[in-house]
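One structure is given here, and the rest of the page talks about it.
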Amino acid sequence: MPARKSEPAGTPAKKASAARKPAAKKAASAKATAKSASAKKAAAKKTAPAAPKKSAKPKAARPAPAMVPGRKERRGVVVSAAMDKTIVVRIDAVRSHQKYRKVVRRSTKLHAHDEHNTAGVGDVVRVVETRPLSATKHWRLLEVLEKAK
């Protein structure tokens, strides 16, 4: 039996790195990776049909709907527009007390998504309920009804 180098028991055999490979093996492995990459691209082209190009329309161009079915809609005043693409809207509720018939004013603040940063502080806006966009944003700006002076 020929003599072998003794390695400590339990250590895996070392792999030959790219620097130790002969030039012929390097060229062959480079060709193989190039072929597999081009084959993947060709397969992707065959499987994916060419979709027609869509013209990019800005979302602000279409008018706000009169009513969004199945969604809550509120009208309020913007109290903060300091955040990017987010506004804080104060919704005022004026109700008569059930027992004492005194007019009770209550307000709630909610965060709404303003995609184009169109609303400013003091504007009267229309917001509609939407899926959760962040931890506090569950409303979306539909339109600015009245600009602040």
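Throughout, read-outs are computed from the coordinates displayed, never taken from laboratory work. Since the structure is predicted, the reported quantities are computational estimates derived from the model, not experimental observations. All Cβ positions, glycine included, derive from the backbone under ideal geometry; neighbour counts span all protein chains shown.
Checking each residue in segment 134-149 for being over 24 Å from the mean Cα position of the chain (by Cα), outside any strand (DSSP E or B) and not small (Gly, Ala, Ser) picks out 147, 149.
One residue stands out among those in segment 82-139 that are under 18 Å from residue 72 (Cβ atoms) and among the basic types (Lys, Arg): the one that is surrounded by the most Cβ atoms within 10 Å (Cβ to Cβ), which is 137.
On the basis of being free of Cβ contacts under 8 Å to residues at least 12 places away in the same chain and among the basic types (Lys, Arg), does residue 74 make the cut? Before you say what the answer is, go through the steps one by one.
On the way: free of Cβ contacts under 8 Å to residues at least 12 places away in the same chain: no; among the basic types (Lys, Arg): yes.
No.
Total residues in segment 119-142 satisfying the condition of being in contact with a Ser or Thr (Cβ under 9 Å, 6 or more places away or on another chain) and in contact (Cβ under 8 Å) with a residue 60 or more places away in the chain: the figure is 1. Of all residues in segment 95-111, those satisfying the criterion of being of a type outside the set (Ser, Thr, Tyr) and free of Cβ contacts under 8 Å to residues at least 12 places away in the same chain are 95, 97, 98, 99, 101, 102, 103, 104.
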